[in-house]
Every structure is written in C-alpha cells, then in structure tokens.
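A short write-up of the structure that comes next.
The values are calculated or read from the model by the stated rules, or taken from the named source; none is laboratory data. What you see is a predicted model; the values in this text were computed from it and never measured. Here Cβ is always computed from backbone atoms with ideal geometry, including for glycine, and neighbour counts include all displayed protein chains. Side chains included, ligands, DNA and RNA excluded: accessible areas come from the protein's heavy atoms. Shrake-Rupley method; radii C 1.70, N 1.55, O 1.52, S 1.80 Å.
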Amino acid sequence: MLTFFNEHHAQHRPRLEIYRGELVPCSEKPERASLVLAEFERRGLGRIVTPHGVPLVSLERIHTPRYLHFLRNAWSEWTALDPANADKDAFPAVWPVRTLRDDIEPDNFCARLGLYSMDSGTPLSAGTWIAAKTGADCAVNAAHALRLGERSTFALTRPPGHHAGADFFGGYCFLNNAALAAQHLLDDGAARVAILDIDYHHGNGTQSIFYHRSDVLFVSVHGDPCTEYPFYLGHADETGEGEGLGFNMNVPLPAGASAAQWFAALETACIKINAYGADALVVSLGVDGFAGDPASRVALSTSDFLRIGERIAHLGLPTAFMMEGGSAIAELGINTVNVLEGFETAA
C-alpha cells in the first residue's frame, strides 16, 4: 500500500478546546498520527512517501475561494489583533444561525471566524493552514496514484477532514480530504466514485458537498445523530436532493450497538456501493468505533478492524483511505493499520 504522510501535521497543535463550558486539553493531537505511523512502519505494509504540493485551484474544486482565503490568513489576522494572541488558540463566539445572513462577509475577524465554523471545539492554531493544506496534498496524491495504477493508497494525515464543508470547519476538520480525493478521481477520468465513511461520527461535510450530485455516492455508517456529534445531519431519511436523489445513504446506529449490528450496517453500505458501479472508492477511515475509545458507544474490538478491511477489499475497487477520527490511545495505530492490513490481505 502506497502511503502519503503529512510531515507537517504536527504544526497544527491546538492547546485547548471548549467542552461542556470548560477549557480542556485538545483531544485532536499530533500523537494520533505518530501512533499510526509507528504501527504502519512496524508491520512494513508498504512505501511511505511525501506528497507533491497541489495548487489552490484543486482545493477550489471543493471549497469556496473566500473560505480558503480566510483559512490561509486567519492566524496572521488573529495575531494582528493583539500580539498576545500568539499564545492563544482562536475560537469562534458568534454564528449566523437561522434568520441571520451569511452572504456578506463581515470585516470583524471574530465575526468571520464564526461565519466559517460550526462549533466552538475546533480551535485554530499557528500551523493549522500548513497542516490542513499538506493533508489535502496527501489526499489528492493518494487519489491520483490510483489513476496511475496503484491498487490502494493511504493518506496518513491530520487534522481529519470529513466534518469540513465547502465553506466551514468543525469537528477538528478544516479541509475535506475525502471530498478532495473523490473530486480529483472524477477530474482524472473516473465517471463515478463512491465514498464510504466508517467514522463513528457522521461525515456531515462530505454529505453536504455531494448531496445534489449523482457522480459521487456517499454512504456512512455512524452513531445516531440524535445523540452523537454532529447532531444536525446523518439521519436515514437524508437520501440526496435533485440530481443527487438516491445517491446518499446514512446507516445510523443507536448508542450501545453491538459489533454484529455494526457489521450488518457495513454490509448494507457495501451492497449499496456494489450496486452503484463506481470506478473507485474513497474510505473515510475513522476508528473511533472501537469499544475502548472515549468517544465510542459501540463495541468494535481490535480484531474487528481486520474484518472491516477484508470486507472493503471484497468490493474489488481501487481504494484510497483517508485518516479520520480516533482518540490518541494505544490501540489507535493497531486498529487503523488492522483495516489496511485486512484490506491488503484480502485484495
């Protein structure tokens, strides 16, 4: 498996996040990628390379120019407000909710920060842009390598991407790596691409980007949004709109779902993907469905992640894996690489 590693991921090192009214240490931390890299190298699953940089126009295939402009310049604007801000993460405090306008970009930096965000738990730090941009480079390179003949690729990067929409960040995500990979595959000649999101939290950003399109099928297995982040998207009745009707499938699972329930949902997702007739597959690889993950309320074991990789391999598609969620616990690297090894063994 050809792996593209984001050597700049650790430049995104937010100190704190807001959780239930308190400032607590940020749980999306550099150790996450380090754990996966160490396990991948230990097993020797394939080559690890650095990505070639991609032009901003490639990102504009998914993200709006004004959002990208804001994200590129946010840290310098934040520190220009007050030099002391260099020692603080930037958090939004106001949002354009229903009845408020979002078509006019405010001059006030804090107002723009809220315009482009969906929560108060995703801080901007000094290296956020370079880490997110190099992660996007990994995603596009991973997609391109499939079109050059690779059977499988892996974008080993952070911050993750699937909660980021066309013009907003949230859920620790800033640029949508899975969406960028899928779009590049289309631009590279694929007629249809499927995205399978197996993160415990619904990939709301990916869904919203492709919700009105039929050239990308989005299928997600995740915790019920009635109780799990992102709360406001990911229900089973969301099946697409307009040209995209029938090309979005959500399979939400209740808190406390068993491994058997999870694999039944995965089977439903795979049947949908198989019927779609995709030329390639992008997998949003979140492993926070692990029973020992603090964010999880399902019961997947370490060995279950091998089975997940095997089932995905049986779809028989060129596949690009994007690293998404999973807490920085000892099993994170093992569970992530288990999926990849299961895929490689069965492919």
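Tabulated data
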| item | result |
| --- | --- |
| Probe 1.4 Å, protein heavy atoms only - accessible area per residue of the stretch 205-285 in square angstrom | 38 |
| Residue-count net charge about Gly203 - beta-carbon cut-off 11 Å; Lys, Arg +1, Asp, Glu -1 | -3 |
| Order by protection proxy (mean Cβ within 10 Å, highest first), peptides 104-112, 189-197 | 189-197, 104-112 |
| Gyration tensor (Cα) of the stretch 19-151, equivalent ellipsoid semi-axes in angstrom | 32, 21, 14 |
| Value of relative contact order over the chain, rounded to a whole percent, pairs C-alpha under 8 Å and six or more apart | 19 |
| Around Glu60: net Lys/Arg minus Asp/Glu count, Cβ-Cβ under 15 Å | +1 |
| For the stretch 215-347, the Rg and Dmax computed from alpha carbons only, in angstrom | 14.4, 44 |
| Principal axis dimensions, largest first and in whole angstrom, of the stretch 3-55 by Cα | 43, 33, 13 |
| For the stretch 303-345, accessible area per residue (1.4 Å probe, heavy atoms of protein chains only), Å² | 29 |
| Positive-end residue, the stretch 178-302 charge dipole about Cα centroid, Cβ charges, pick of Gly240, Leu186, Val283 | Val283 |
| Qualifying chymotrypsin sites (Phe, Trp or Tyr not before Pro) in the stretch 1-78, DSSP loop, other Cβ atoms within 10 Å at most 15 | none |
| Ellipsoid semi-axes in whole angstrom, largest first, where each is sqrt(5λ) of the Cα gyration tensor of the chain | 29, 22, 21 |
| Amide H contacts under 5 Å for Phe321, placed H, 5+ residues apart | Thr153, Phe154, Ala155, Val283 |
| The stretch 1-131 - accessible surface per residue (Å², probe 1.4 Å) | 55 |
| Set of the stretch 71-86 residues, backbone N closer than 12 Å to the point 7 Å along the Cα-Cβ line of Arg15 | 84-86 |
| Using alpha-carbon coordinates, inclination of helix 302-313 to the longest axis of the chain, degrees | 80 |
| Nearby lysines by direct alpha-carbon distance to Lys133 (threshold 23 angstrom, same-chain neighbours under 8 apart not counted) | Lys29, Lys88 |
| For the chain, calculated [θ]222 nm from helices alone, where every DSSP H run of n ≥ 4 adds -39500 (n - 2.57) | -11500 deg cm²/dmol |
| Pair-distance profile P(r), taking every C-alpha pair of the stretch 131-222, with 5 angstrom steps and integer % | 3, 15, 25, 27, 20, 8, 1 |
| Carbon and sulfur %, accessible surface of the chain computed with the full protein complex present, 1.4 Å | 54 |
| Cα long-axis angle, helix 177-187 against the chain (0 to 90 degrees, to the nearest 10) | 70 |
| Computed E for Ala330/Ser258 - FRET, C-beta separation, R0 30 angstrom, nearest 0.05 | 0.80 |
| Signed unit charges on C-beta, dipole axis of the chain, positive-most listed residue Pro51, Pro25, Leu315 | Pro51 |
| Between 0 and 90°, nearest 10: helix 331-346 axis offset from the chain longest Cα axis | 40 |
| Antiparallel bridges, percent of DSSP beta bridges restricted to the chain (to nearest 5) | 15 |
| Charge dipole magnitude, Cβ of K and R +1, D and E -1 - the chain, Cα centre, debye nearest 20 | 380 |
